[in-house]
Structures are given as C-alpha cells and as structure tokens.
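One structure is given below, encoded as structure tokens.
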Amino acid sequence: MKINQFFKKKPYVIAGPCSAENEKQMLNIAHQIKNHTDVFRAGVWKPRTNPNSFEGVGDSALKWLNKVKSETGLRVITEVATARHVEACLKNDIDMLWIGARTTVNPFYVQEIANALKGVDIPVFIKNPIHPEIGLWIGAFERIYNSGLTQLIAIHRGFYNYTNSPFRNDPKWEMPIKLREKIRDLPIICDPSHISGNSSLIEDVSQTALDLNFDGLMIETHNNPSLALSDKNQQILPKKLITILKNLIVKESKLRDEVFKRDLLKHRAKIDLLDEKLIHLLNNRQEIVEIIAKFKDKNKLTIFQVERWFEILKTRKELSSKMDLNPQMIEDIFELIHKYAILTQTKIMR
Ligand code: PEP
Ligand code: MN
C-alpha cells in the first residue's frame with residue numbers, strides 16, 4: 001500500500017462531541033477549541049449497542065458541521081456506516097470520514113463504503129474492530145485502498161474487555177504496533193476517550209500514545225458533559241482539552257542530544273548481549289528437552305505431564321516474584337517455552 005501521509009503536524013488533533021446534538025452546542029464547542037485542534041468531530045449517525053439509546057439526529061446535523069466549517073475554518077469529520085451515509089457526507093462537503101469499531105468488524109459494510117467512495121480521495125480514518133482481530137482491521141484498509149483512496153489513517157480506540165479493568169476498552173497497545181509493522185507508512189492516532197470511558201484517564205492514555213510515537217489524538221469534547229446525550233462519562237470540557245494538550249510532552253523520535261544517544265547505544269549493546277545469552281540458554285534447554293523426549297519414548301511415557309507443568313509454573317513464578325519481575329510475564333513466557341518443548345518432543349517421538 002502506498003499511503004499518502006496528508007498531515008505533517010504532530011500530534012494531529014481531532015476534537016468535538018461524541019454526538020451532534022444541536023447547532024448551538026456544536027458552534028459553542030467549535031469556537032472554544034478552534035485554535036487548539038486541527039479537525040472538528042461529531043457523530044451524526046450513532047451506532048449504539050442498546051437500541052433505546054440516542055442514535056444521533058441524522059442528516060440534518062450535516063448542515064451544522066458545515067456551519068462549524070465556515071465559522072471556524074476547521075475541517076470536519078463524522079462517522080459513516082453505510083453507503084448512504086457516505087453519499088450524504090459527500091453531498092454536504094464533509095472533509096473527512098471515519099469508520100467506527102462496530103463497522104470495521106463487518107466486511108460487507110466496509111466494502112459497501114469502499115464502493116461508495118470510488119474515485120473520491122478524501123481522508124478516511126478506520127477505527128480498530130471491537131475485538132482484537134488485526135486481520136479485520138488490515139482488511140478494511142485494503143478494501144478502502146482498493147477503491148483508490150490513499151489518505152488512510154488508523155484510529156486505535158481499544159478493544160472489548162472480557163475482564164474487570166479501569167478501561168472501558170482494553171488498550172492492548174501491541175495491536176496498533178503490530179498494525180504499523182504490517183502497513184508501514186500508515187499514520188495511527190489514538191482515541192483516548194473510548195479507551196478510557198472516563199474523563200479522568202484521558203490525559204494518561206494520551207501521553208502513553210505519544211510516548212509510543214502515535215501521530216495524533218481524537219478526544220471527545222463537550223460543552224456540558226454531564227448532559228451529553230451519549231458517552232457523558234468520558235467527554236471533557238473544552239477548557240480541559242486545552243490544558244491536556246498543553247501538558248502533553250512530545251518526545252523526539254530522533255534524539256538530538258548526542259551524549260544521550262551514546263548512552264542509549266551503550267545500554268542497547270548490553271541488551272543485545274543479554275538477548276544473545278537468552279538465545280544460547282534456550283538452545284541448551286532445547287537440547288535437554290530432546291534428551292528427555294528420547295527417554296520418554298523408550299519408557300513409553302506420555303509427552304505432557306500435568307503435575308510437572310504445574311510445578312514448572314509455580315516455581316518459576318515464585319522465583320520471579322522475589323525479583324522485580326512481573327509473574328504474569330514469566331507465566332506467559334513459560335507457556336510459550338512449554339508449547340515449543342511439546343512440539344519438539346512430538347516431532348522426536350513420532
Ligand atoms: C465514537 O467515536 O463516538 C464512536 C461511536 O466510537 P467507536 O466506534 O470507537 O465506539
Ligand atoms: Mn462516543
């Protein structure tokens with residue numbers, strides 16, 4: 001894919017309410033944030049999980065977005081979920097579109113949107129699918145790209161939580177990092193609002209995103225969050241948005257300070273050496289696993305012995321908890337080591 005990175009400024013900021021509620025609300029917010037944001041957002045058609053929630057005012061809000069555009073000079077963006085939404089946006093001069101998390105999961109809808117966009121190269125932002133399936137996310141980019149659109153951007157908005165968590169949607173930072181490895185030049189922005197679900201976490205999540213070299217942020221901003229018709233817990237006041245943006249620290253990805261660079265290189269050299277040792281140790285371990293496999297084969301023992309596996313887990317976690325290591329990390333690593341040990345043994349015993 002040859003992505004056209006249309007914005008050069010970093011962080012690129014998109015802000016505005018979750019939903020377009022009325023013209024006054026939109027203009028009020030837009031005027032307060034116009035000098036601090038690049039794009040104004042507002043949902044016109046709202047994909048709600050519960051059918052009794054506010055589902056957006058629909059097409060009439062497109063005119064309000066246009067008014068924001070002409071009064072403030074901001075570019076405007078809204079969410080599309082069907083071909084009809086796309087057509088209405090194009091007819092009403094909406095500058096950019098985003099595809100929501102509940103749409104990215106459905107290839108039929110994404111294809112329908114892609115077909116409706118053929119020949120119109122406007123910026124399209126694609127949110128991650130609700131569940132952590134990177135294939136669906138990549139597939140959505142491919143569908144839109146195949147329609148001739150080149151200004152593509154990813155929005156990381158977190159993933160459905162199966163367990164209790166301080167986040168509304170689990171950030172799973174490894175997913176956007178994986179996406180960047182798959183689609184090299186793709187800009188990625190973070191939506192801390194839908195990750196947090198709670199206004200108090202927005203600043204921390206935003207800073208983490210910048211530390212991870214994200215290109216921008218999409219932050220829900222409302223003039224009266226407690227009365228918002230959707231997502232009221234996570235929206236922040238324009239004043240708060242401006243403070244957060246001022247506090248954020250944008251770190252250089254290319255370090256200017258040569259001394260610091262040299263120090264960093266020294267530490268990296270140590271890491272390289274340790275990794276090399278780790279690989280040698282894994283090789284030694286594998287040699288022993290092979291010896292055990294031959295022994296088990298001769299003595300007609302099964303490969304997997306559950307008590308032994310529990311003992312490995314328990315002792316390794318106990319040892320790690322005496323150090324400054326996360327026992328969960330150790331459990332994850334040993335699960336992998338064990339998985340490959342079983343594979344090695346299966347190969348030998350077959
Ligand atoms: C939104 O941005 O308001 C929205 C509905 O987001 P998501 O698709 O991430 O749930
Ligand atoms: Mn929202």
- How big is Rg to Rh over the chain, alpha-carbon atoms, Rh as the Kirkwood inverse-mean-distance radius? 1.08
- Among Trp98, Trp309, which comes first, then next, by fewest other beta-carbon atoms within 10 Å? Trp309, Trp98
- Gain in span if fully extended, Leu343 to Asn233, counting 0.36 nm per residue against the direct Cα distance: 34.8 nm
- Message: Tell me which of Leu325, His338, Ile303 sits at the most positive position along the dipole axis of segment 292-350, charges placed on C-beta atoms (Lys, Arg +1; Asp, Glu -1).
- Response: Ile303
- Message: Using only Cα atoms and rounding to the nearest 10 degrees, what angle (0 to 90) does helix 238-247 make with the longest principal axis of the chain?
- Response: 40 degrees
- Message: Going by amide H atoms built from the backbone, whose H comes under 5 Å of the H on Arg75, apart from near neighbours?
- Response: Phe40
- Hey, can you grab everything whose amide H is under 5 Å from the amide H of Phe159? Only 5+ residues off in sequence or another chain; H modelled, so Pro and N-termini drop out. Asp170
- Towards the positive end of the charge dipole of the chain, with charges on Cβ (+1 Lys, Arg; -1 Asp, Glu), say which of Gln32, Ser19, Val124 has the farthest Cα. Val124
- Message: Loop only by DSSP, 10 or fewer other Cβ within 10 Å of the Cβ. Give me the chymotrypsin sites (Phe, Trp or Tyr not before Pro) in segment 150-203 that pass, ordered by residue number.
- Response: Tyr162
- Task: May I ask you to evaluate 6.51 cos²θ - 1.76 cosθ + 1.60, the Karplus curve with θ = phi - 60°, for each residue of segment 316-328 and list the ³J(HN,Hα) values in order in whole Hz, giving x for glycine and proline?
- Result: 5, 5, 4, 4, 5, 6, 7, 9, 9, 10, 6, x, 5
- For segment 32-39, Karplus-derived ³J(HN,Hα) couplings (6.51, -1.76, 1.60; θ = phi - 60°; whole Hz; x for glycine and proline) come out as 6, 10, 4, 8, 10, 9, 8, 9
- By per-residue mean of other Cβ atoms within 10 Å, what is the highest-first order of 80-88, 63-71, 265-273? 80-88, 63-71, 265-273
- If r is the Cβ-Cβ distance from Arg184 to Lys300 and R0 is 56 Å, what FRET efficiency results, to the nearest 0.05? 0.60
- Message: Rounding to the nearest 10 and keeping the result within 0 to 90°, find how far the Cα-based axis of helix 60-72 lies from the longest principal axis of the chain.
- Response: 80 degrees
- Task: Calculate the dipole size of the chain relative to its Cα centre from +1 charges on Lys and Arg beta carbons and -1 charges on Asp and Glu beta carbons; express the result in debye to the nearest 20.
- Result: 460 debye
- Message: Given Cβ point charges of +1 (Lys, Arg) and -1 (Asp, Glu) and nothing else, what value in debye, to the nearest 20, does the dipole of segment 149-194 about its Cα centre take?
- Response: 60 debye
- Note on the structure: Most exposed to least, judged by fewest other Cβ atoms within 10 Å, Ile3, Ile291, Ile219, Ile155 sort to Ile291, Ile3, Ile155, Ile219
- Query: Out of the DSSP beta bridges found with both residues in the chain, what percent are antiparallel (nearest 5)?
  - Reply: 5 percent
- Computed label-point distance, nm, for sites Phe7 and Asn66 using a 7 Å Cα→Cβ extension: 2.4 nm
- Item | Partner aspartates and glutamates for Lys240 [C-alpha distance under 19 Å; skip if fewer than 8 residues away on the same chain] | Asp38, Asp191, Glu203, Asp204, Glu220, Asp231
- For the chain, built as a Gaussian network whose Cα springs stay under 10 Å, the top-fluctuating residue of Pro51, Pro238, Pro166: Pro51
- Amide H partners (placed H, <5 Å) of Tyr12, local residues excluded: Gly216, Leu217
- Going by how many other Cβ atoms sit within 10 Å of their own, how do Val39, Val105 line up, fewest first? Val105, Val39
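Values quoted throughout were computed directly from the atomic coordinates according to the rules given, and no laboratory measurement underlies them. No experiment lies behind these values; they were computed from the predicted model shown. All Cβ positions, glycine included, derive from the backbone under ideal geometry; neighbour counts span all protein chains shown.
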